[in-house]
Amino acid sequence: MFPALWYYFSGYVMIRVSGFSMERFLNMASYRNVYFWDVDSRGTGFTMKTSLAGLREAEYCAAKTGCTLEVLARGGLPARYRRFRKREALWAGAVCFALVLYVLSGFVWSLEIEGNERLEEESLRSACAQMGLYPGAWKNNVDMDAVTEGLLAQFHDLSWVSVGMDGTKATVRLTETIEAPEVVEKETPSDIVAAKDGLVLSISAERGVPLVKAGDVVKAGQVLISSQITGETEGETPYAAQTAAAGSVTARTWMEWSMELPLSYTQKEYTGEEKVDHILLLGDAAVDLIRPSAEENCHKEVISEGYLSLGDVRFPVGWRKVRLRYYRETEKSRTVEEAKTELESSLRQKAEDYLRGQGVLEDMNIQYEIYADCVRAVATAEMTEEIAETKEKGADAGNESSGENITAGE
């Protein structure tokens, strides 16, 4: 490996030596330490490669032995330099390209924020921009220590911030404080009310007085566990007190959804034809230089993406490859029974999404309405869920129920 690199940088030639004294030529060249490689026998001569210094010795040996030496080609870095040294436009373009890359590498081209869960990324980006850190900012003008201190001062939910620069990409890494546990206020009087209409299945009061029992039908906003506590002790007058009621109430509830499905629809079918689109990346901008002629009816998928880098320096110039998968739209139709099956599955999934693991879907009654071009389904779901909701004393009496006669369309 090392000799190949050495001869590439120092230069080499390919020669052809012919004559009737080839043995004497090779012996004399070997005696004078001339190095040959890629030797190939052709007729009465040989083709081989040697260094530029070896060429002078080979010419001397050929003259002494009466052989003919012909230079077939020159290779290596010196030969390439001689080939391109008179192309001023090429060298000027290379110099300009290097200068442009150097200038562009002095800007911040992308900003990434890592570690935020509760804080919104847009708020953090806006705060960074106010302190001089944003895509397009000159890197030398960015005071990373000032950005770190500014973020800690502006956002009290941050316990640690680190601002780093990797080439043209700025990264803000942060750690949020541990979310404070919810404080249950036991001093402020509050009732437990029904969040929606339902049939009470069970009630458990941790604090307060339960006003309903299993089997009672309750309305949304009705008090289930009262904060008003009354009592009396032997030999003393009756007393009354208020507390922050707490407890759980499980009830049977009902909700209605509606959904319709057309009997005729359009379906995508992939043709198997694929193309690759090449996109030039300049910072956060994308320039589509080699756009395929037809982009309609195709699904796009990013194959690879990367930016030029040299060590730790990341240049704002990159390349993205996108695969285009073409499809055709075909008109399809479904039967009424197929539509009913799909509607039932969708409605059950909608009910499960509504409960989100906080309740159980007990039963679902679906009524279908069949039209010329579609099937409409109206579902009444019977569920078991928690309906307890805390309401402070003195709060507005109005309490809108989210569970009564709600209709959801697709």
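The values are calculated or read from the model by the stated rules, or taken from the named source; none is laboratory data. Since this is a predicted model, take the numbers as computed values, not measurements. Cβ placement follows ideal geometry from the backbone for every residue including glycine, while neighbour counts extend to all protein chains displayed. The protein model used for the area step is the full one, side chains on, heavy atoms only, and it has no ligands, DNA or RNA in it. Shrake-Rupley method; radii C 1.70, N 1.55, O 1.52, S 1.80 Å.
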In debye, nearest 20: dipole of the chain around its Cα centre with unit charges on the Cβ of K, R (+) and D, E (-)?
-> 4940 debye
Between [x] 1.29; [y] 1.01; [z] 0.97, the structure-derived Rg/Rh (Cα atoms, Kirkwood Rh) is [x]
Sorted by accessible surface (1.4 Å probe, heavy atoms of the protein chains only), largest first, TRP91, TRP109, TRP6, TRP138 come out as TRP6, TRP91, TRP138, TRP109
What residue among ALA372, ALA388, ALA170 shows peak mean-square fluctuation when the chain is described by a Gaussian network model with Cα springs under 10 Å?
-> ALA372
May I ask for the longest run of the chain untouched by trypsin sites (Lys or Arg not before Pro) that are loop-located per DSSP and have at most 15 neighbouring C-beta atoms (other than their own) within 10 Å?
-> 220-355
Modelled FRET efficiency - R0 30 Å, GLU120 with LYS393, Cβ distances, 0.05 increments = 0.30
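Kindly report the accessible area of the chain per residue (heavy atoms of protein chains, probe 1.4 Å, no ligands, DNA or RNA), in Å².
Per-residue value: 63 Å².
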When DSSP assigns beta bridges and you keep just the ones with both residues in the chain, what percent turn out antiparallel, to the nearest 5?
-> 95 percent
Accessible-area composition of the chain, carbon plus sulfur, in percent [1.4 Å probe] = 50 percent
What number, in percent, do you get for the relative contact order of the chain if the mean sequence gap of Cα pairs under 8 Å and at least 6 apart is divided by its residue count?
-> 14 percent
For the chain, build the charge dipole from Cβ charges (+1 Lys, Arg; -1 Asp, Glu) around the Cα centre, then report which of ALA79, LEU152, PRO189 sits farthest towards its positive end.
-> ALA79
Once amide H atoms are built 1.01 Å from N in the peptide plane, which residues 5 or more positions from GLN222, or in another chain, come under 5 Å H to H?
-> ALA194
In the chain, taking the dipole from +1 charges on Lys and Arg beta carbons and -1 charges on Asp and Glu beta carbons about the Cα centre, the listed residue (THR266, GLY132, PRO210) farthest towards the positive end is GLY132
For ALA137, other-chain or 5+-apart residues with amide H closer than 5 Å (H placed, Pro excluded) are VAL108
Considering the chain as a Gaussian network with a 10 Å cut-off on Cα pairs, which listed residue, ALA240, ALA73, ALA89, attains the greatest mean-square fluctuation?
-> ALA73
Once the in-chain neighbours fewer than 8 apart are removed, the lysines whose Cα is under 30 Å from LYS268 read LYS300, LYS321, LYS332, LYS340, LYS350
